[in-house]
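Structure first, then comments.
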There are 2 protein chains.
Amino acid sequence: MVPHLVTALTGPINELEQRILDSMPAIERWFRLEWMEHTPPFYTSVDIRNAGFKLAPVDTNLYPGGWNNLTTEMLPLAVQAAMAAIEKICPEARNLLIIPENHTRNTFYLANVVQLQRIFNMAGLNVRVGSISPEVKKPTTIELPNGDSVTLEPVVRTKRRLGLKDFDPCTILLNNDLSAGAPGILEDIHEQYLLPPLHAGWTVRRKSNHFKAYEEVSKRFGKMLGIDPWLIHPLFTHCEDLDFAEGVGIDRLQASVDGLLTKVRRKYKEYGINEKPFAIVKANNGTYGMGIMTVRDAKELEDLGRRARNKMAVVKEGQPVHDVIVQEGVLTMERVHEAVAEPVVYMMDRYVVGGFYRMHAERGTDENLNAPGASYVPLAFEHSTHLPQPGARPGVSAPNRFYMYGVLGRLAMLAASYELEATNPDAEVYE
Amino acid sequence: MVPHLVTALTGPINELEQRILDSMPAIERWFRLEWMEHTPPFYTSVDIRNAGFKLAPVDTNLYPGGWNNLTTEMLPLAVQAAMAAIEKICPEARNLLIIPENHTRNTFYLANVVQLQRIFNMAGLNVRVGSISPEVKKPTTIELPNGDSVTLEPVVRTKRRLGLKDFDPCTILLNNDLSAGAPGILEDIHEQYLLPPLHAGWTVRRKSNHFKAYEEVSKRFGKMLGIDPWLIHPLFTHCEDLDFAEGVGIDRLQASVDGLLTKVRRKYKEYGINEKPFAIVKANNGTYGMGIMTVRDAKELEDLGRRARNKMAVVKEGQPVHDVIVQEGVLTMERVHEAVAEPVVYMMDRYVVGGFYRMHAERGTDENLNAPGASYVPLAFEHSTHLPQPGARPGVSAPNRFYMYGVLGRLAMLAASYELEATNPDAEVYE
């Protein structure tokens with residue numbers, strides 16, 4: 001089950017949505033069985049695009065920020081899920097250390113840290129925030145515009161443990177995606193739970209691994225539901241050894257884009273879709289909406305200007321891009337206040353706990369919205385589950401559009417679970 | 001953690017409440033450790049009385065009705081908790097059979113059944129309702145005033161399993177408290193999960209066992225928190241072999257009441273409380289607010305009129321009362337629309353999922369409110385957790401009065417867990 005949230009889309013629910021709503025008990029059971037075999041990531045957020053005729057997760061974040069965008073009503077759900085997660089991992093836990101991102105002056109990000117602190121405090125833990133930023137040399141309290149405040153303390157590393165002065169946590173929660181690589185201070189911690197594990201960071205993660213796993217998940221889910229997996233899965237391919245600054249490999253990239261667009265065109269024809277296909281080229285380990293490009297025609301890559309090349313050349317923390325995925329672009333039909341919007345689904349352990357819209361007034365329906373100028377609109381709880389629904393079996397509530405987004409979010413989370421299993425450096429190998 | 005609900009009481013939070021709020025992480029950890037050792041009942045509701053200076057659970061229901069009194073916002077919490085419960089007991093579950101009470105014409109009760117059906121359907125199960133009432137001979141659909149409808153089907157018993165025609169459940173959820181005794185049709189079911197177990201019914205349960213277990217729980221909790229357990233525990237004693245109709249044993253009962261009131265008077269003096277103590281006499285296996293009497297002075301029992309005697313003589317389903325508990329009365333200071341009210345806390349598995357007020361315009365602060373004429377007011381979610389709280393550590397939300405009720409509810413639920421362990425007929429005995 002998924003919280004009943006009101007989405008912006010109105011109008012009748014389409015065929016795919018109806019199929020998903022009708023199959024709710026079967027879907028929930030399917031997830032239940034999957035989670036018997038696979039461990040969900042500790043927490044996850046997933047960006048979703050809904051083109052009406054198909055929908056897809058486009059980004060799966062294993063160190064999600066933005067928890068402050070969830071409404072107060074969603075807090076109890078997040079806390080209840082956090083309790084379940086902690087109980088499973090470390091029931092005797094007393095102290096939790098949050099390691100945030102290093103941008104200590106971004107009060108919007110810090111409001112997210114305060115929200116995480118609140119969630120785990122209510123779940124029954126003493127929570128403090130330990131910064132690994134070299135700027136934080138002593139406990140520093142920062143007041144936020146909303147009246148909250150957060151104290152960042154410098155972490156203290158001993159041979160075997162990580163903590164703060166007078167604070168020895170049994171669990172360390174990373175809210176830092178380690179784009180610049182896992183710092184030495186986080187390595188060789190074996191006595192404490194480090195969540196998510198280091199190999200969930202972008203030093204190790206690759207979007208191509210994630211979407212490969214998602215392809216497998218969507219095929220199995222599609223089979224269970226009796227639907228074409230393409231309806232929930234964006235086609236993609238993978239292109240390595242590029243150098244955007246020097247123009248190396250652009251011809252190969254162009255061929256990849258062209259091949260992908262041909263496949264998409266064929267699918268559009270099969271379904272009678274009158275839209276122009278487009279591709280998204282993204283850094284294979286990128287994040288923060290950096291290193292992302294919309295390509296409507298492979299020819300565009302020929303005259304890729306210097307600015308676009310530079311944009312693709314480096315991502316967060318100045319990492320150069322040599323490796324990209326080329327993914328079928330999925331339009332987003334969602335609009336909030338006339339701006340193009342995409343839903344973001346938040347999960348804690350295996351549970352969907354809330355969501356919001358990311359919207360961008362200056363971007364088109366085929367562009368990345370995670371860019372400067374984006375704003376956030378929390379989704380509200382739906383209050384109309386008691387509306388009688390013609391033909392519904394007794395006990396089944398009115399259809400809820402957000403349910404489908406919660407299913408997609410969990411499919412992407414399941415793919416991340418497969419992905420983390422496959423890349424786990426400590427995995428036991430049975431040969 | 002407990003959903004942030006707004007309670008009717010206003011004014012400053014008192015000392016006990018402040019102590020409980022300040023100890024939130026320690027309390028939540030304490031419960032976490034308890035649930036490692038003890039299994040929570042499948043679902044529970046607890047009636048709570050708050051006298052301001054002390055508070056206490058007064059009734060712990062292991063087959064709770066009234067789920068329809070929870071607001072729509074609470075539904076996702078209930079569903080999430082139901083998912084956790086099912087996952088633990090029977091993750092491969094597909095079909096769930098609800099066995100309701102036999103009052104098939106009470107649409108208020110049936111709205112509760114519909115709500116349970118909705119919760120478990122959203123948690124991922126096919127849910128149908130099987131009646132054990134002899135009146136239900138074929139599938140019967142009943143329309144409810146709120147537009148919902150429910151179909152009651154006659155149960156079908158085979159040698160080893162219970163189900164419906166064409167419906168073989170792996171789990172059977174009882175929402176029938178078996179006051180008249182466990183019917184044969186529910187016995188010797190070993191292949192299916194029967195939840196809660198038959199020994200949670202009032203044929204086996206005794207209030208004296210429950211409050212004995214609660215006394216132990218409150219002592220351990222009081223020690224952890226550094227408070228006098230009396231502040232959360234009503235004193236009680238137990239009186240057997242009575243016959244109200246014949247007047248047998250009334251003298252012993254009188255002595256018990258007198259002894260209890262003396263103890264309470266001493267406690268009131270110790271705490272400087274200017275209230276008149278009173279006792280509640282209740283059938284040891286009673287339910288539905290039947291067989292309950294408020295006694296302000298032991299002398300009242302001498303001239304117990306015929307009507308009061310008859311009222312005490314039998315409880316639900318005409319069972320005679322020979323066995324009572326005499327319990328310290330706890331005033332309720334809560335008021336809703338000027339009527340005396342008591343909060344009722346709902347739990348699914350180990351999680352508090354919501355609550356409401358039971359109120360009664362014609363009853364006093366020292367009387368049982370679970371009586372004809374009672375009405376129900378859902379508690380609303382609180383929207384002010386972001387209010388800055390002077391002196392609060394960052395990340396701690398504003399105090400929430402309902403938190404304390406959620407703690408008390410869970411203490412009573414824990415006592416029920418101890419109680420069910422002690423009375424489990426299938427318990428393995430290690431000698």
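Rule-based calculations on the coordinates, nothing more; no lab input. Everything numeric in this text was worked out from a predicted model, so none of it was measured. We place every Cβ from the backbone using ideal geometry, glycine too, and count neighbours over all the protein chains shown.
On the principal axes of its Cα set, how long, how wide and how thick is segment A:71-200? Give whole Å, largest value first.
Principal-axis extents of segment A:71-200 (Cα, largest first): 41, 34, 29 Å.
Calculate the dipole size of segment B:71-200 relative to its Cα centre from +1 charges on Lys and Arg beta carbons and -1 charges on Asp and Glu beta carbons; express the result in debye to the nearest 20.
300
Ordered by residue, what ³J(HN,Hα) values in Hz, to whole numbers, does segment B:406-420 give under the Karplus form 6.51 cos²θ - 1.76 cosθ + 1.60, where θ = phi - 60° and Gly and Pro are x?
Result, ordered by residue: x, 5, 4, x, 6, 5, 5, 5, 5, 4, 5, 5, 4, 4, 5 Hz.
Please identify the GluC sites (Glu not before Pro) of segment A:209-273 that satisfy two criteria: DSSP loop assignment and at most 10 other Cβ atoms within 10 Å. Which are they? Before the final figure, lay out each step's value.
Values: sites: A:Glu215, A:Glu216, A:Glu240, A:Glu246, A:Glu270; in loops: A:Glu240, A:Glu246.
Within segment A:209-273, the qualifying GluC sites (Glu not before Pro) (loop, at most 10 other Cβ atoms within 10 Å) are A:Glu246.
What are the distances, in nm and sorted shortest first, from the label point of A:Glu300 to the label points of the same position in each other copy, with each label point placed 7 Å from Cα along the Cα-to-Cβ direction?
Nearest to farthest, the other copies are at 8.2 nm.
What value, in deg cm²/dmol to 500, does the helix sum -39500 (n - 2.57) over DSSP H runs of n ≥ 4 give at 222 nm once divided by the residues of chain A? Write down the numbers at each step before the final one.
Details: 8 runs with 125 residues, N = 431.
The per-residue figure over chain A is -9500 deg cm²/dmol.
For the protein assembly as shown, what is the percent of antiparallel DSSP beta bridges, rounded to the nearest 5?
Values: 98 of 128 bridges.
Percent antiparallel among DSSP bridges in the protein assembly as shown is about 75.
May I ask you to evaluate 6.51 cos²θ - 1.76 cosθ + 1.60, the Karplus curve with θ = phi - 60°, for each residue of segment A:30-39 and list the ³J(HN,Hα) values in order in whole Hz, giving x for glycine and proline?
4, 4, 4, 5, 4, 6, 6, 9, 10, 8
Give me A:Met333, A:Met224, B:Met36, A:Met293 ranked fewest to most by other Cβ atoms within 10 Å of their Cβ, as a rough exposure proxy. Mind dumping the intermediate values first?
Working: A:Met333 18, A:Met224 13, B:Met36 10, A:Met293 22.
Least to most surrounded, the residues fall as B:Met36, A:Met224, A:Met333, A:Met293.
Normalising by the residue count of chain A, find the relative contact order in percent from Cα pairs under 8 Å and 6+ residues apart. Intermediate results must be reported in sequence, preceding the final value.
On the way: 808 pairs, mean separation 103.4, N = 431.
This gives 24 percent for chain A.
Residue farthest toward the positive end of the dipole of segment B:65-206, with Cβ of Lys/Arg at +1 and Asp/Glu at -1: which of B:Leu75, B:Val114, B:Leu96?
Checking the options against the dipole of segment B:65-206, the answer is B:Leu96.
Taking B:Asp251 in one copy and the same position in all the others, each labelled 7 Å out along Cα→Cβ, what are the pairwise distances from the first, in nm, shortest first?
Ordered by distance, the counterparts are at 11.3 nm.
Filter the GluC sites (Glu not before Pro) in segment A:81-163 to those in DSSP coil with at most 13 other Cβ atoms within 10 Å of their Cβ, and list the result.
Working: sites: A:Glu87, A:Glu92, A:Glu101, A:Glu135, A:Glu143; in loops: A:Glu92, A:Glu101, A:Glu135.
Filter output for segment A:81-163: A:Glu92, A:Glu135.
Give the Rg/Rh ratio for chain A, taking Rg as the radius of gyration of the Cα atoms and Rh as the Kirkwood radius, to two decimals.
Working: Rg = 21.7 Å, Rh = 22.6 Å.
Rg divided by Rh gives 0.96.
What average number of partner chain Cβ atoms lie no more than 10 Å from the Cβ of the residues making up B:67-73? List each step's numbers first, then the result.
Details: counts 0, 1, 0, 0, 2, 8, 8.
For this peptide, the per-residue mean of nearby foreign Cβ atoms is 3.
In peptide B:81-90, what is the residue-averaged number of other protein chain Cβ atoms found within 10 Å of each Cβ?
On the way: counts 3, 1, 9, 9, 0, 3, 6, 1, 0, 1.
If you average over the peptide's residues, the count of other-chain Cβ atoms is 3.
Peptide B:28-39: average number of partner chain Cβ atoms within 10 Å per residue? Walk me through the numbers before you get to the answer.
On the way: counts 8, 9, 1, 3, 11, 2, 0, 3, 3, 0, 0, 0.
What the average comes to for B:28-39 is 3.
So what's the Cα pair-distance distribution over the protein assembly as shown, bin width 10 Å, in %?
Whole-percent P(r) values from 0 Å outward: 2, 12, 21, 23, 19, 12, 7, 3, 1, 0, 0.
Enumerate the amide H contacts of B:Ser131 below 5 Å, restricted to partners 5 or more residues apart or on another chain; note that Pro and chain-start residues carry no placed amide H.
Under 5 Å from the amide H of B:Ser131 lie the amide H atoms of B:Glu153, B:Val155, each far enough along the sequence or on another chain.
Sort shortest first the distances from B:Arg335 to its counterpart in every other copy, using label points 7 Å along the Cα-to-beta-carbon line, and give them in nm.
5.3
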